[in-house]
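Trainee: This is the structure I want to talk about, given as structure tokens.
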Amino acid sequence: MLSIIMDFIFPPRCPNCSAYVERRGTFCAPCMRRLSTVHALARAAEMMAYLDGIWAFAHYREAVRDLLRALKYQKQRSALPALHTLLVAGEDVLDDLPRPLVAVPVPLAPKRQRKRGFNQAEKIFAPWLRMHEISVAPLLVRTRETAPLYEHTRTERQRELRGAFALAADADAAGRDILLVDDIMTSGATLTECARTLKRAGARRVYAFVLASEHL
């Protein structure tokens, strides 16, 4: 009843263009078509050695960028419903991946996770993956904090990230097909280092889903 009253007083609007929508936390159809575009991302040579495929679900711009920033830096979990709607378009890609498949969120450094209170990659992807009977497991840990990477070259990012991830205690990646999940991809250095760690631990194939990317 309360939600009905709230929708009457404050009608739900698209988080991108503010057009009226039927359900709170959803994009209008035109914005959904423009922002949500599942696409395979090109892999540089060093990425191809460890990653068997990367897909982004949306372009990192406009409301997608703003919602991700609100979730990560302002801890606004109210951003999650709209972000969750972007995943639906990726179901065909998910169906084509091998089974059994285990999903692994890219881990945060322990200090950063304690400060934020959650791993945004897990919050974005876990409900959708479990709905499709894909288990989510913390097979990786981050062994140290790394310097901000956005101003670094690809080579500098690779150097900074080398050894920043390790297999979690008692985790077993041998012979498994693994799906890394993260919120955004810029250079791909973080995903590559995670995949490298998993492949060295015996993983058979490693794929990656990111919610958004600036790359087309």
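Trainee: Please verify whether the stretch 42-49 includes one or more residues that are under 21 Å from Glu133 (Cα atoms) and either of a type in the set (Lys, Arg) or at pLDDT below 90 (or both).
Mentor: No; the residues of the stretch 42-49 include none that is under 21 Å from Glu133 (Cα atoms) and either of a type in the set (Lys, Arg) or at pLDDT below 90 (or both).
Trainee: So in the stretch 196-216, with the set limited to residues that are of a type in the set (Ser, Thr, Tyr) and in contact with a Phe, Trp or Tyr (Cβ under 7 Å, 6 or more places away or on another chain), which one is farthest from Leu67 (Cα to Cα)?
Mentor: So, considering only residues that are of a type in the set (Ser, Thr, Tyr) and in contact with a Phe, Trp or Tyr (Cβ under 7 Å, 6 or more places away or on another chain), the one farthest from Leu67 (Cα to Cα) is Thr197.
Trainee: Hey, Phe57 hits all of (1) farther than 29 Å from Thr143 by Cα; (2) under 14 Å from the mean Cα position of the chain (by Cα); (3) not polar (S, T, N, Q) but one; which does it fall short on?
Mentor: (1)
Trainee: Could you tell me whether any residue of the stretch 17-32 is touching a Pro at 6+ places or on another chain (Cβ under 6 Å), outside any loop (DSSP other than H, G, I, E, B) and over 14 Å from Asp183 (Cβ atoms)?
Mentor: So far as the stretch 17-32 goes, yes, one or more of its residues are touching a Pro at 6+ places or on another chain (Cβ under 6 Å), outside any loop (DSSP other than H, G, I, E, B) and over 14 Å from Asp183 (Cβ atoms).
Trainee: Any idea which of (1) in a loop (DSSP other than H, G, I, E, B); (2) at pLDDT 95 or above; (3) surrounded by fewer than 22 Cβ atoms within 10 Å (Cβ to Cβ) is the one Lys199 doesn't satisfy?
Mentor: Answer for Lys199: the failing condition is (1).
Trainee: When both residues are 6+ apart or on different chains and their Cβ atoms are under 8 Å apart, which pairs have a first residue that lies in the stretch 72-92 and is in the same structural domain as Arg114 (by TED's automatic domain parsing) and in a helix (DSSP H, G or I), and a second that is among the acidic types (Asp, Glu) and surrounded by 13 or more Cβ atoms within 10 Å (Cβ to Cβ)?
Mentor: Lys72/Asp183
Trainee: Of all the residues that make up the stretch 39-66, how many are in a helix (DSSP H, G or I) and either touching a Ser or Thr at 6+ places or on another chain (Cβ under 9 Å) or not assigned by TED's automatic domain parsing to the domain that holds Leu198 (or both)?
Mentor: The total comes to 3.
Trainee: Would you check which residues across the stretch 113-126 are part of a helix (DSSP H, G or I) and either surrounded by 14 or more Cβ atoms within 10 Å (Cβ to Cβ) or of a type in the set (S, T, N, Q) (or both) and list them?
Mentor: If the condition is that a residue be part of a helix (DSSP H, G or I) and either surrounded by 14 or more Cβ atoms within 10 Å (Cβ to Cβ) or of a type in the set (S, T, N, Q) (or both), then Gln113, Arg116, Gln120, Ala121, Glu122, Lys123, Ile124, Phe125, Ala126 are the ones that fit.
Trainee: Just the residues that are in a helix (DSSP H, G or I) and surrounded by fewer than 21 Cβ atoms within 10 Å (Cβ to Cβ), please, taken from the stretch 129-143.
Mentor: Arg130, Met131
The values are calculated or read from the model by the stated rules, or taken from the named source; none is laboratory data. Values in this document were obtained by computation on a predicted structure and should not be read as measured data. Here the Cβ is made from the backbone with ideal geometry for all residues, glycine too, and neighbour counts use every protein chain on show.
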